[in-house]
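Next up is a structure, given as structure tokens.
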Amino acid sequence: MSVLPLALPGQQAGVRRVALLGVGTVGRALLVRLQSLQHPRLQLCLAANSRRRWLGADGLALAGSWSGGDSHDGSGALPDALRAGDIVVDATASAELAAWHPRWLRQGLNVVSANKLGLGGPLLRQHEIRSLATEGRHYGDAATVGAGLPVLRTVRELRAGGDRIGAIVGVLSGTLAWLFDGYDGSELFSQRVLSAVAQGYAEPDPRVDLSGEDVKRKLLILARTAGYALEDAEVRVDSLLTPAIESATIENLAQALTSLDGPLAERAARTARDGKVLRYVARLDAAGARIGLEALAPDDPIAVGRGCDNRIAIWSSRYRDRPLQIQGPGAGAEVTAAALLDDILRVLG
Ligand SMILES: NC(=O)c1ccc[n+]([C@@H]2O[C@H](COP(=O)([O-])OP(=O)(O)OC[C@H]3O[C@@H](n4cnc5c(N)ncnc54)[C@H](OP(=O)(O)O)[C@@H]3O)[C@@H](O)[C@H]2O)c1
């Protein structure tokens with residue numbers, strides 16, 4: 001069993017303490033990366049799930065069961081050991097923790113987030129975070145859209161160079177990309193969803209993906225980064241959920257998912273007859289922000305790519321006729337944890 005080096009009392013000069021909130025799929029992958037990196041200027045001082053936290057010399061088991069630790073209330077209150085300049089990593093999807101992001105910045109902490117509810121939650125919070133993340137306080141968001149693909153960074157750089165972003169179109173969900181990759185209606189869609197869950201491509205409750213909610217958060221973050229003060233209610237979402245799926249318990253969800261089979265098979269067959277493919281697309285342009293299933297030509301920049309690939313096309317002042325395109329694996333613990341670590345290292349400068 002591997003044990004991480006942990007911050008002990010008496011922090012050395014130049015060393016940043018790291019508090020990791022969320023030790024699920026992504027958080028654990030980040031712990032593995034931190035351990036293999038052994039960066040002399042980073043010390044893990046806290047790791048926590050929603051109920052327990054492991055502090056200082058208690059030791060953190062990377063493999064096997066997480067036992068021991070102290071119970072805690074899952075709030076964002078952090079131990080006093082953390083000081084200005086230290087780093088909080090939010091690897092949860094917790095709305096409660098996202099509300100703490102501005103407070104942590106106000107305390108002088110740097111924040112690195114995979115949690116989309118920070119920048120993709122209420123617009124006021126996004127403004128607060130952006131205005132607080134100045135003067136040496138970092139807010140790392142690379143993991144929130146495209147799992148570290150250089151999407152947000154590119155949008156920021158285009159704007160810094162004076163470009164106006166005219167439109168952004170993308171397949172922003174690795175799960176939905178996987179579900180529609182090669183789907184022509186000949187196979188039961190419900191079986192594809194169950195197979196995605198079994199292989200870890202979808203959340204244990206796939207409604208998080210099928211509802212379009214996760215894609216909406218990503219589009220909000222992208223739009224706001226592009227300079228559009230978009231409110232949640234302004235995004236039109238064409239959800240894949242049927243009433244039966246919405247009201248199902250997790251136990252009868254598999255049965256409820258079959259309500260998608262007929263309608264989607266029919267749509268896929270019609271789409272194939274037209275020589276097109278189905279993709280779940282997010283769009284931001286002069287017509288507004290909208291998300292839903294679309295039939296695209298197979299050579300459309302948004303239709304290409306395989307498996308869990310995200311693909312994003314950006315039109316700006318300098319890319320008027322043909323968009324700038326970014327494509328690559330946009331989901332998974334490894335790439336997401338790597339994006340978090342990149343943001344942590346950016347804090348070190
Ligand atoms: N998985 C991916 O491929 C991927 C890609 C990009 C972004 N993300 C984002 O990364 C985040 C984490 O995803 P994941 O797949 O690792 O999720 P996960 O496996 O469900 O893990 C979530 C972790 O957060 C913990 N947590 C929840 N509320 C907490 C609280 N109040 N305080 C401390 N810990 C809390 C959970 O603890 P319990 O176990 O006690 O509930 C669990 O350890 C999400 O925002 C997700 O959208 C994931």
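The values are calculated or read from the model by the stated rules, or taken from the named source; none is laboratory data. Computed from a predicted model, the values in this text were never measured in an experiment. Cβ placement follows ideal geometry from the backbone for every residue including glycine, while neighbour counts extend to all protein chains displayed. Note: accessible area is taken over every heavy atom of the protein model, side chains too, but ligands, DNA and RNA are not part of it. Shrake-Rupley method; radii C 1.70, N 1.55, O 1.52, S 1.80 Å.
Starting from the amide H of LEU230, placed 1.01 Å from N in the peptide plane, find each other amide H under 5 Å away whose residue is 5 or more places distant or on another chain.
ARG224
Suppose the chain between ALA84 and SER195 were pulled fully straight at 0.36 nm per residue; how much longer would it get relative to their current alpha carbon spacing?
Residue separation times 0.36 nm, minus the Cα-Cα distance, leaves 35.5 nm.
Mean residue ellipticity at 222 nm from the helices of the chain, using -39,500 (n - 2.57) per DSSP H segment of n ≥ 4 over the full residue count, to the nearest 500 deg cm²/dmol?
-9500 deg cm²/dmol
Rounded, prolate or oblate: which fits segment 195-296 when a ≥ b ≥ c are the square roots of the eigenvalues of the alpha-carbon gyration tensor, with rounded for a/c under 1.5 and prolate only if a/b beats b/c?
In terms of gyration-tensor shape, oblate.
Roll a 1.4 angstrom probe over the protein heavy atoms and tell me the percent of accessible area of the chain that is carbon or sulfur.
51 percent
Something else now. Whole-Hz Karplus ³J(HN,Hα) for segment 17-31, in order, using 6.51 cos²θ - 1.76 cosθ + 1.60 and θ = phi - 60°, x for Gly and Pro?
Those phi angles translate into 7, 10, 10, 9, 9, x, 10, x, 4, 6, x, 5, 5, 5, 4 Hz.
Which order do you get for LYS116, LYS218 if you rank them by accessible area with a 1.4 Å probe, largest at the top? Numbers along the way, then the final one.
Numbers: LYS116 40, LYS218 15 Å².
The residues order as LYS116, LYS218, largest area first.
Further, regarding this structure: Given labels modelled 7 Å from the Cα in the Cβ direction, how far is it in nm from ASP285 to THR242?
According to this spin-label approximation, the distance is 3.1 nm.
Could you go through segment 290-305 in sequence order and give the Karplus-derived ³J(HN,Hα) for each residue, using 6.51 cos²θ - 1.76 cosθ + 1.60 with θ = phi - 60°, rounded to whole Hz, and x for Gly and Pro?
Going residue by residue, I get 8, 9, x, 7, 9, 9, 10, 5, x, 9, 4, x, 7, 8, 6, x Hz, with x marking Gly and Pro.
Can you give the FRET efficiency to the nearest 0.05 for ALA99 and ASP184, using r as the Cβ-Cβ distance and R₀ = 25 Å?
Given R0 = 25 Å and the Cβ-Cβ separation, E is 0.05.
Heavy-atom accessible area per residue, the chain, 1.4 Å probe: how many Å²?
44 Å²
With the cut-off at 1.5 for a/c, could you classify segment 151-329 from its C-alpha gyration tensor as rounded, prolate or oblate?
It comes out prolate by the Cα gyration axes.
Still on this structure: Sorting check: for 322-329, 289-296, 197-204, which peptide has the highest mean count of neighbouring beta carbons within 10 Å, and how do the rest follow?
With the highest mean Cβ count within 10 Å placed first, the list reads 289-296, 322-329, 197-204.
Looking at the chain, send over the antiparallel percent of its DSSP beta bridges, to the nearest 5.
Once the DSSP bridges in the chain are tallied, antiparallel ones form about 60 percent.
Name the long-range amide H neighbours of VAL88: under 5 Å, sequence gap of 5 or more, or other chain; modelled H, no Pro or chain starts.
ALA19, ASN110, VAL111, VAL112
Around GLY328, which amide H atoms from residues at least 5 apart in sequence, or from another chain, sit under 5 Å from its own amide H, with H modelled in the peptide plane?
ASN310
A further question on this structure: Let me know the shape class of segment 242-303, please: from the alpha-carbon gyration tensor, a ≥ b ≥ c as square roots of the eigenvalues, rounded when a/c is under 1.5, otherwise prolate if a/b is greater than b/c, or oblate.
Taking the square roots of the gyration eigenvalues as a ≥ b ≥ c, segment 242-303 is oblate.
Which angle from 0 to 90°, rounded to the nearest 10, does the C-alpha axis of helix 261-273 make with the longest principal axis of the chain?
Orientation of helix 261-273: about 60 degrees from the principal axis.
Still on this model: How large is ³J(HN,Hα) for each residue in segment 104-115, as worked out from phi by the Karplus curve 6.51 cos²θ - 1.76 cosθ + 1.60 (θ = phi - 60°), to whole Hz, x for Gly and Pro?
4, 4, 4, 6, x, 7, 8, 10, 10, 10, 9, 7
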